[in-house]
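Read the structure below first, then the notes.
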Amino acid sequence: MNFSRKMLLVFASMCVVFSAVQAQTLVDKLRNGGSLSFKINDATYDVTGGITLSGNFGEGDPVEFFFESLPNGNNTGLDIRFPIRDLISIIDSDFEAEFIATIIDDSTVEWNLRATDLGCVPVEIEGSVVNFRIDLVTSKLRLRLSQIACQADPNGELNRKVSLSAVPIGGNAMNFLTAGGYIFCSELPFFVTNARIENIQMSNYGGGLPKSLGNVNGDCAVNDDDLLQVLFNFGTNDPASDTNDDGQVNDVDLLTVLFNFGLQG
Ligand SMILES: [Ca+2]
Ligand SMILES: [Ca+2]
């Protein structure tokens with residue numbers, strides 16, 4: 001064992017002994033996970049104006065939404081940006097929707113979307129594709145987090161384990177999507193059409209800890225198991241122990257484990 005590795009081991013031991021695990025809120029755990037597994041199980045839609053329709057969406061496909069801090073956001077690290085079709089599959093547009101996060105309390109996050117001028121986009125309505133000039137989309141989602149046992153994503157979407165469930169609270173006032181514009185993309189008054197999606201039922205999961213935070217053994221904690229795995233694979237190219245995917249297990253990966261030691265997903 002060379003000198004630098006000895007020093008790292010000493011440093012490692014000190015970090016483990018003195019590691020003060022700060023209390024993490026459920027919102028912190030959501031952020032640490034890096035993404036949300038999002039799945040709509042059902043929702044109702046009501047369209048009025050140029051056409052009148054209502055019905056149920058039924059079950060959608062699960063989607064992984066990645067967290068970031070967007071320029072228009074509140075620096076929560078929980079904003080989400082994605083093509084609008086990932087949320088509402090009947091809108092065939094890659095318009096990037098920006099859901100801005102607000103932390104309501106230690107276990108509740110609200111996301112708000114306001115998008116204008118999506119242009120003339122194809123929308124699938126009851127099996128037919130109709131062009132819709134969408135001038136305004138608004139949406140709000142308020143999700144309450146609760147801790148669940150560390151487990152594989154029940155939606156089958158994330159490639160890490162999850163430790164949080166996120167369910168909508170506040171009813172239709174807090175969970176909806178509206179779209180307004182002109183059906184057939186025609187700016188005549190009788191083509192003005194508004195749509196509202198509500199009664200949203202969802203299964204969302206998050207939390208857990210990615211490999212990039214030093215959780216190399218795929219559970220929901222950064223602890224001595226991860227430290228030992230990195231030390232035993234030190235100097236190899238073991239992909240599971242390579243926290244930053246640079247092809248080497250070295251000091252950088254060890255420090256990643258140490259700096260995040262004590263984190264719980
Ligand atoms: Ca671990
Ligand atoms: Ca590495």
- Item | Distance between modelled label sites at CYS185 and GLU59, nm, 7 Å Cα→Cβ extension | 3.5 nm
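Taking the Cβ of ASP117 as the center, what net charge do the other residues with Cβ under 15 Å away carry, scoring Lys and Arg +1 and Asp and Glu -1? Present the calculation step by step, with values, prior to reporting the outcome.
Details: positive: ARG114, ARG133; negative: ASP94, GLU96, GLU98, ASP135, GLU187.
Net charge in that neighbourhood comes out at -3.
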- Item | the chain - percent relative contact order, Cα under 8 Å, separation 6 or more | 19 percent
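For the stretch 213-265, what number results from the quotient of the Cα radius of gyration and 2.2 N^0.38 Å?
On the way: Rg = 9.5 Å, N = 53, 2.2 N^0.38 = 9.9 Å.
My calculation over the Cα atoms of the stretch 213-265 gives 0.96.
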- How large is ³J(HN,Hα) for each residue in the stretch 101-116, as worked out from phi by the Karplus curve 6.51 cos²θ - 1.76 cosθ + 1.60 (θ = phi - 60°), to whole Hz, x for Gly and Pro? 8, 10, 7, 7, 7, 4, 10, 9, 10, 10, 10, 10, 10, 9, 10, 10
- Between the DSSP loop rule and a limit of at most 14 other Cβ atoms within 10 Å, which GluC sites (Glu not before Pro) in the stretch 156-202 are left? GLU187
- Task: Extending each Cα 7 Å along its Cβ direction at GLU68 and THR48, get the distance between those two points in nm, one decimal.
- Result: 3.8 nm
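Any idea what the relative contact order of the stretch 213-265 is, in percent, if you count C-alpha pairs under 8 Å spaced at least 6 apart? Show your work: numbers first, answer last.
On the way: 85 pairs, mean separation 23.3, N = 53.
With pairs under 8 Å counted, the relative contact order is 44 percent.
Could you tell me the convex hull volume per residue, in Å³, taken over the Cα atoms of the chain? Please list the in-between numbers first.
Values: hull volume 35.4 nm³, N = 265.
Measuring per residue, one finds 133 Å³ for the Cα hull of the chain.
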- What does the charge count near ASP242 come to, summing +1 for each Lys or Arg and -1 for each Asp or Glu among other residues with Cβ under 11 Å from its Cβ? -3
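What is the stretch 113-183's relative contact order, in percent, from Cα pairs under 8 angstrom and six or more apart in sequence? Write out the running numbers ahead of the final one.
Details: 125 pairs, mean separation 24.6, N = 71.
So the answer I get is 35 percent.
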- Query: Counting Lys +1, Arg +1, Asp -1, Glu -1, what net charge surrounds GLU157 among other residues with beta carbon under 10 Å of its beta carbon?
  - Reply: -2
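What's the extension gain from ASN217 to ILE169 if we count 0.36 nm per residue and subtract their Cα-Cα distance?
Numbers: separation 48, 0.36 × 48 = 17.28 nm, distance 3.38 nm.
Additional length available on full extension: 13.9 nm.
Coordinate-derived values only; no laboratory data. Since we're looking at a predicted model, the values are computed, not measured. Every residue, glycine among them, receives a Cβ derived from its backbone with ideal geometry; neighbour counts consider all protein chains shown.
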